[in-house]
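Student: Structure incoming, see below.
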Amino acid sequence: MNTRSPSATAASRDRILDAALDEFFTAGFHGATMRTIGNRAGCSAANVYNHFENKSDLLVEILRTASDEQFTATRNAIRRAGKDPVEQWRAAVVAHALYTAQKPRECLVANTELRYLGEIDRKRVVGSRDAQEQQFIDIAERAVDQGLFHIDRVHQAVTAVLLMCAGIPVWFRPDGPRTASEVAEDYGQYALNLVGYRPDVGQALTAG
């Protein structure tokens, strides 16, 4: 009979997920094993199997959680920005970049290890990613329609911005010269430059 409390079970599960994230980050998906993940979590491989069927289940859970968190952070930032697509765009990029800077393990693993999932498991992850991308596309298309952004290929521009943000964990360090928030704000400005936003033109259109 299992006498462990729900809170203890949840804590064990969270510890295993964090250990798996560390293992995928350092050894890669193929290099990780349920045994090494258990060692990192301070438990046996059998205990890992009590919570997760295999490595793919662990990776899916990690990536789904990260994608959902990043999507929610971006969506909330857009809502707080009001109805101006320029401010929505800036806020969305800042929120996306900030999450990437603050969660480097999750984002790097998502960008390098997703390819190892099978088709069914991959579909469990990419839905949130697609929704995240669509938020940026919707804003950019409205800004183009209003003459605020000057780009011919919205989807390509959005891909460029998201890839730019995805590279943050490669170089950013919390003890570096700029904080995560400062870097995110920088990226918000870079993203405005990338879509050809010119404040003077936007103000002239509004005045007219």
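The values are calculated or read from the model by the stated rules, or taken from the named source; none is laboratory data. Computed from a predicted structure; not experimentally measured. Cβ: placed from backbone, ideal geometry, glycine included. Neighbour counts: every protein chain shown. Surface areas here come from the heavy atoms of the whole protein model, side chains and all, with no ligands, DNA or RNA. Shrake-Rupley method; radii C 1.70, N 1.55, O 1.52, S 1.80 Å.
Student: Being outside any loop (DSSP other than H, G, I, E, B) and among the small types (G, A, S) is the filter; apply it to the stretch 29-43 and report the residue that is surrounded by the most Cβ atoms within 10 Å (Cβ to Cβ).
Tutor: Ranking the candidates gives A41 first.
Student: Right, next: Which members of the stretch 44-56 meet the condition of being outside any helix (DSSP H, G or I), loosely packed, with under 13 Cβ neighbours inside 10 Å and touching a helix residue (DSSP H, G or I) at 6+ places or on another chain (Cβ under 9 Å)?
Tutor: Correct list: N54 only.
Student: Which one of these is buried (at least 16 other Cβ atoms within 10 Å of the Cβ), part of a helix (DSSP H, G or I) and free of Cβ contacts under 8 Å to residues at least 24 places away in the same chain: A95, A157, A77?
Tutor: Within the list A95, A157, A77, the selection yields A77.
Student: Further question: Can you spot a residue in the stretch 145-152 that is under 21 Å from K83 (Cα atoms), in a helix (DSSP H, G or I), open to solvent by 70 Å² or more (accessible area, probe 1.4 Å) and out of contact with any Gly (no Cβ under 7 Å at 6 or more places or on another chain)?
Tutor: Looking for residues that are under 21 Å from K83 (Cα atoms), in a helix (DSSP H, G or I), open to solvent by 70 Å² or more (accessible area, probe 1.4 Å) and out of contact with any Gly (no Cβ under 7 Å at 6 or more places or on another chain), one finds at least one in the stretch 145-152, hence yes.
Student: Give me the pairs: first residue in the stretch 105-121 and acidic (D, E), second residue not in a helix (DSSP H, G or I), beta-carbon distance under 7 Å, and six or more apart or on different chains, which are they?
Tutor: Listed by first residue and then by second, the contacts come to nothing, as the list is empty.
Student: Among the numbered criteria (1) at pLDDT 90 or above; (2) out of contact with any His (no Cβ under 9 Å at 6 or more places or on another chain); (3) not charged (D, E, K, R), which single criterion is violated by G127?
Tutor: Looking at each condition in turn, G127 falls short on (1).
Student: Going residue by residue through the stretch 176-185, is there one that turns out to be under 12 Å from A101 (Cα atoms), open to solvent by 20 Å² or more (accessible area, probe 1.4 Å) and among the acidic types (D, E)?
Tutor: Yes, the conditions are met somewhere in the stretch 176-185.
Student: Being open to solvent by 80 Å² or more (accessible area, probe 1.4 Å) and assigned to a helix (DSSP H, G or I) is the filter; apply it to the stretch 1-11 and report the residue that is modelled with the lowest pLDDT. It would help to see each step written out before you state the result.
Tutor: First, pick out the residues of the stretch 1-11 that are open to solvent by 80 Å² or more (accessible area, probe 1.4 Å): 1-4, 6-7.
Going one step further and asking which of them are assigned to a helix (DSSP H, G or I), we end up with 6-7.
Numbers: P6: 68, S7: 75.
Selected residue: P6.
Student: Looking at (1) more than 17 Å from E69 (Cα to Cα); (2) open to solvent by 20 Å² or more (accessible area, probe 1.4 Å); (3) not hydroxyl-bearing (S, T, Y), which is the one condition that is false for I139?
Tutor: (2)
Student: For the stretch 114-128, does any single residue satisfy the condition of being among the hydroxyl-bearing types (S, T, Y), buried (at least 18 other Cβ atoms within 10 Å of the Cβ) and under 21 Å from L192 (Cα atoms)? Before the answer, list the steps.
Tutor: Residues of the stretch 114-128 that are among the hydroxyl-bearing types (S, T, Y), as a first pass: 116, 128.
Filter once more, so that each one left must be buried (at least 18 other Cβ atoms within 10 Å of the Cβ): 128.
Right, trim to under 21 Å from L192 (Cα atoms) and you get none.
No, that holds for no residue.
Student: Looking at D22, D68, D14, which is the one that is of a type outside the set (K, R), within 30 Å of A95 (Cβ to Cβ), more than 14 Å from the chain's Cα centre (by Cα) and open to solvent by 60 Å² or more (accessible area, probe 1.4 Å)? Steps first, answer last, please.
Tutor: Values: D22 fails: open to solvent by 60 Å² or more (accessible area, probe 1.4 Å); D68 fails: more than 14 Å from the chain's Cα centre (by Cα).
Going through D22, D68, D14 in turn, just one is of a type outside the set (K, R), within 30 Å of A95 (Cβ to Cβ), more than 14 Å from the chain's Cα centre (by Cα) and open to solvent by 60 Å² or more (accessible area, probe 1.4 Å): D14.
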